[in-house]
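Below: the structure, in structure tokens.
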Amino acid sequence: MYDIAIIGAGPAGAGAGLFTAKAGKKTLVLDHGKSITAKAWVENHYGVDAIEGPALLETGHQQLKKFGAELKSEEVTDLFFKDGAYYEITTSEGSYQAEHILFATGMSVKAAEQLGIKTTDGTEPRVAKIIETDQHGRTSLPKAWAAGTVAGKSVHTIITAGHGAETAVNIISELNGKRYVDHDILKN
Ligand SMILES: Cc1cc2nc3c(=O)[nH]c(=O)nc-3n(C[C@H](O)[C@H](O)[C@H](O)COP(=O)(O)OP(=O)(O)OC[C@H]3O[C@@H](n4cnc5c(N)ncnc54)[C@H](O)[C@@H]3O)c2cc1C
């Protein structure tokens, strides 16, 4: 049983997963390789002079793995909320169980709608539909969250990655029963 399964390893999903994994939460990240970020050339990401989208994605994936998250190249095809307690996730390759689930699926609400999560019209350019969330990233189902483009955030890497991180802090805080902060101190 994973503490959290994240669908999508673009900036939002990977941004969330590196926080949950670094916090010691058993983290599964599933992605079928259709990130819109793969087409981007990014010069407006704070702290990064300029970077190709694929390189930004690859760096994020390496960070995920460094902190112990499991990243799998699989498409999520089916989802169930079992016994009001955990999520059963079926992919092209197998099935997994997780207490919490985070949708970071970019332009697609398909997986969330398949689970019966409420969606609504998008307001950002070229984003047709998004998942309804509260200010913390909670969706209409318990222990199901959404972050980044699919949660209606402005379609920029710094914003979607930041929202993934923000939502992860909220999930970690709920799992821990108190507010979480992750601050490392300068080593020398
Ligand atoms: C041409 C182009 C240029 C851009 N230029 C810039 C720029 O200069 N600066 C900037 O800030 N932003 C730019 N962007 C926008 C930026 O790429 C997005 O804002 C941001 O990356 C979106 O992040 P995300 O994680 O929400 O979505 P994505 O990066 O799209 O990630 C979503 C992930 O979910 C996965 N997924 C979805 N459904 C499933 C499923 N059922 N099973 C498994 N995986 C699933 C997909 O494979 C995908 O990898 C550009 C975008 C494009 C298209």
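Residues to consider are Lys26, Lys22; find the one that is out of contact with any strand residue (DSSP E or B) (no Cβ under 9 Å at 6 or more places or on another chain) and either more than 21 Å from Gly137 (Cβ to Cβ) or buried (at least 16 other Cβ atoms within 10 Å of the Cβ) (or both).
Details: Lys26 fails: out of contact with any strand residue (DSSP E or B) (no Cβ under 9 Å at 6 or more places or on another chain).
None of the other options fit; the residue is Lys22.
Among the candidates Leu64, Leu28, Leu57, which residue alone is free of Cβ contacts under 8 Å to residues at least 60 places away in the same chain, more than 11 Å from the ligand (Cβ to nearest atom) and within 15 Å of the chain's Cα centre (by Cα)?
Details: Leu28 fails: free of Cβ contacts under 8 Å to residues at least 60 places away in the same chain; Leu57 fails: more than 11 Å from the ligand (Cβ to nearest atom).
Answer to the selection: Leu64.
For the stretch 71-98, how many residues are of a type in the set (D, E, K, R) and closer than 22 Å to Pro11 by Cα? Can you show your working first?
Within the stretch 71-98, the subset of a type in the set (D, E, K, R) is 72, 74-75, 78, 82-83, 88, 93.
Remaining after also requiring closer than 22 Å to Pro11 by Cα: 72, 74-75.
The total comes to 3.
The conditions are (1) loosely packed, with under 13 Cβ neighbours inside 10 Å; (2) closer than 17 Å to Lys34 by Cβ; (3) of a type in the set (A, V, I, L, M), and Ala50 fails exactly one of them. Which is it?
(2)
Quick one: how many residues across the stretch 145-164 are aliphatic (A, V, I, L, M) and either surrounded by fewer than 22 Cβ atoms within 10 Å (Cβ to Cβ) or modelled with pLDDT under 95 (or both)? Before you say what the answer is, go through the steps one by one.
From the stretch 145-164, those aliphatic (A, V, I, L, M) are 146-147, 150-151, 155, 158-159, 161; that's our starting set.
Subset that is either surrounded by fewer than 22 Cβ atoms within 10 Å (Cβ to Cβ) or modelled with pLDDT under 95 (or both): 155, 158-159.
Residues in the stretch 145-164 being aliphatic (A, V, I, L, M) and either surrounded by fewer than 22 Cβ atoms within 10 Å (Cβ to Cβ) or modelled with pLDDT under 95 (or both): 3 in total.
Can you name the residue in the stretch 81-93 that is away from the ligand (no atom under 14 Å from the Cβ) and in a loop (DSSP other than H, G, I, E, B) and, of all such residues, is nearest to Phe19 (Cα to Cα)? If you could, list the steps in order and put the result at the bottom.
Looking only at the stretch 81-93, we keep the residues that are away from the ligand (no atom under 14 Å from the Cβ), and these are 81-86, 88.
Remaining after also requiring in a loop (DSSP other than H, G, I, E, B): 83-85.
On the way: Asp83: 28, Gly84: 26, Ala85: 23 Å.
Once the filter is applied, the top-ranked residue is Ala85.
Of the conditions (1) surrounded by 13 or more Cβ atoms within 10 Å (Cβ to Cβ); (2) outside any loop (DSSP other than H, G, I, E, B), Asp78 satisfies every one except a single condition; which number is it?
Asp78 satisfies all of (1) surrounded by 13 or more Cβ atoms within 10 Å (Cβ to Cβ); (2) outside any loop (DSSP other than H, G, I, E, B) except (1).
Are any of the residues in the stretch 104-112 more than 10 Å from the ligand (Cβ to nearest atom) and of a type outside the set (Val, Ile, Thr)? Don't jump to the end; show me each part of the working.
Start the filter on the stretch 104-112 by keeping residues that are more than 10 Å from the ligand (Cβ to nearest atom), which leaves none.
There is no residue in the stretch 104-112 that is more than 10 Å from the ligand (Cβ to nearest atom) and of a type outside the set (Val, Ile, Thr).
Can you work out which of the residues in the stretch 31-52 that are part of a helix (DSSP H, G or I) and within 6 Å of the ligand (Cβ to nearest atom) is farthest from Leu18 (Cα to Cα)?
First, pick out the residues of the stretch 31-52 that are part of a helix (DSSP H, G or I): 36-39.
From the residues that got through so far, the ones that are within 6 Å of the ligand (Cβ to nearest atom) too are 36-37, 39.
Details: Ile36: 20, Thr37: 18, Lys39: 23 Å.
Only one residue fits best here, namely Lys39.
The values are calculated or read from the model by the stated rules, or taken from the named source; none is laboratory data. None of these values were measured; they are calculated from a predicted model. All Cβ positions, even for glycine, are placed from backbone atoms using ideal geometry, and neighbour counts span all protein chains on display.
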